[in-house]
1. If ASP160 passes every condition in (1) of a type outside the set (S, T, N, Q); (2) modelled with pLDDT of 90 or more; (3) surrounded by 11 or more Cβ atoms within 10 Å (Cβ to Cβ) but one, which one does it miss?
2. For residues in the stretch 82-140 being β-branched (Val, Ile, Thr) and farther than 19 Å from TYR152 by Cβ, which is surrounded by the most Cβ atoms within 10 Å (Cβ to Cβ)?
3. Filter the stretch 53-68 down to residues that are more than 16 Å from the chain's Cα centre (by Cα) and farther than 18 Å from GLN38 by Cα, then give me how many there are.
4. Just the residues that are surrounded by fewer than 15 Cβ atoms within 10 Å (Cβ to Cβ), of a type in the set (A, V, I, L, M) and farther than 21 Å from HIS110 by Cβ, please, taken from the stretch 163-197.
5. Given the condition assigned to a helix (DSSP H, G or I) and either touching a residue at least 40 places away in the same chain (Cβ under 8 Å) or within 15 Å of VAL29 (Cβ to Cβ) (or both), answer yes or no: does some residue in the stretch 87-102 qualify?
6. Given the conditions (1) more than 22 Å from ALA46 (Cα to Cα); (2) acidic (Asp, Glu); (3) touching a strand residue (DSSP E or B) at 6+ places or on another chain (Cβ under 7 Å), which single one is not true for ASP129?
Amino acid sequence: MTETTTPTAEETGATAQPPAKAARPRIDVRPVLERLFQLHPKLFGARFQPLKLGVFEDLMARHPEDFRKEELKAALGMHARSTKYLEAVASGAQRHDLDGNAVGDVAPEHVHHAIMEVFRRRQARKPDDAKSWLHTRLLRAIETSQLDRAAYIERVAARDDIALVAIDEACAELAGRQARREALRRAYEGSGKSVEEFAEMYGMKLAEVRKLLA
């Protein structure tokens, strides 16, 4: 009887396939997030704050015994993608260090991207509320950036139609507000009245007039 043998990969000319890599186990970030809350409740507690750039390195330097690098990276990534954190960035709040001190503004493009991501999530749940939320946040973001329409669009790299239309609407309202302020200022300067008298004459609140004239 002739013995039958199975040809090897080299004999058939086939390319040997490397063994499949074992899937990397998923990191459970819940204990890490809980520890972050315990150590820094002002940043990771009931109210989230935008984090300073380089906070990963700061955490590893301050708490070397509490965190492993890969676990902390994964936890911070999940934290930064959460709707609650994105809403904090979208609000225009400043970045904070580990001691809860404000250390600088969030860049306009980061605020804008957070606004648009939260808008998409809100639109999936409450479409009627989402558009007004988007308009309010973009008004504040554009006004705070002190950029005109073209510069803002370039800075945040806005490309999709939804963002561009929302930016146009916000810029139009801001332009209208500026025009009303200028008209009020001219009327006040030509009235010869005190601020108090001017507010009473136009039936406006004194604080509102002072704000518009500031």
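The values are calculated or read from the model by the stated rules, or taken from the named source; none is laboratory data. Predicted, not measured: the structure shown is a model, and the values here were computed from it. Every residue, glycine as well, gets a Cβ built from its backbone with ideal geometry; the counts of neighbours run over all protein chains shown.
1. (3)
2. Filtering the stretch 82-140 for residues β-branched (Val, Ile, Thr) gives 83, 89, 103, 106, 111, 115, 118, 136.
Pick out the ones that are also farther than 19 Å from TYR152 by Cβ and you get 83, 103.
Working: THR83: 15, VAL103: 13.
It comes out as THR83.
3. Qualifying residue count for the region: 2.
4. Once the filter is applied, which keeps residues that are surrounded by fewer than 15 Cβ atoms within 10 Å (Cβ to Cβ), of a type in the set (A, V, I, L, M) and farther than 21 Å from HIS110 by Cβ, the stretch 163-197 yields VAL165, ALA172, ALA175, ALA179, ALA183, ALA187, VAL195.
5. The initial filter retains those residues of the stretch 87-102 that are assigned to a helix (DSSP H, G or I), namely 87-90.
Applying the additional criterion that residues be either touching a residue at least 40 places away in the same chain (Cβ under 8 Å) or within 15 Å of VAL29 (Cβ to Cβ) (or both) yields 88, 90.
Yes, that holds for at least one residue.
6. Going through (1) more than 22 Å from ALA46 (Cα to Cα); (2) acidic (Asp, Glu); (3) touching a strand residue (DSSP E or B) at 6+ places or on another chain (Cβ under 7 Å) one by one, ASP129 breaks only (3).
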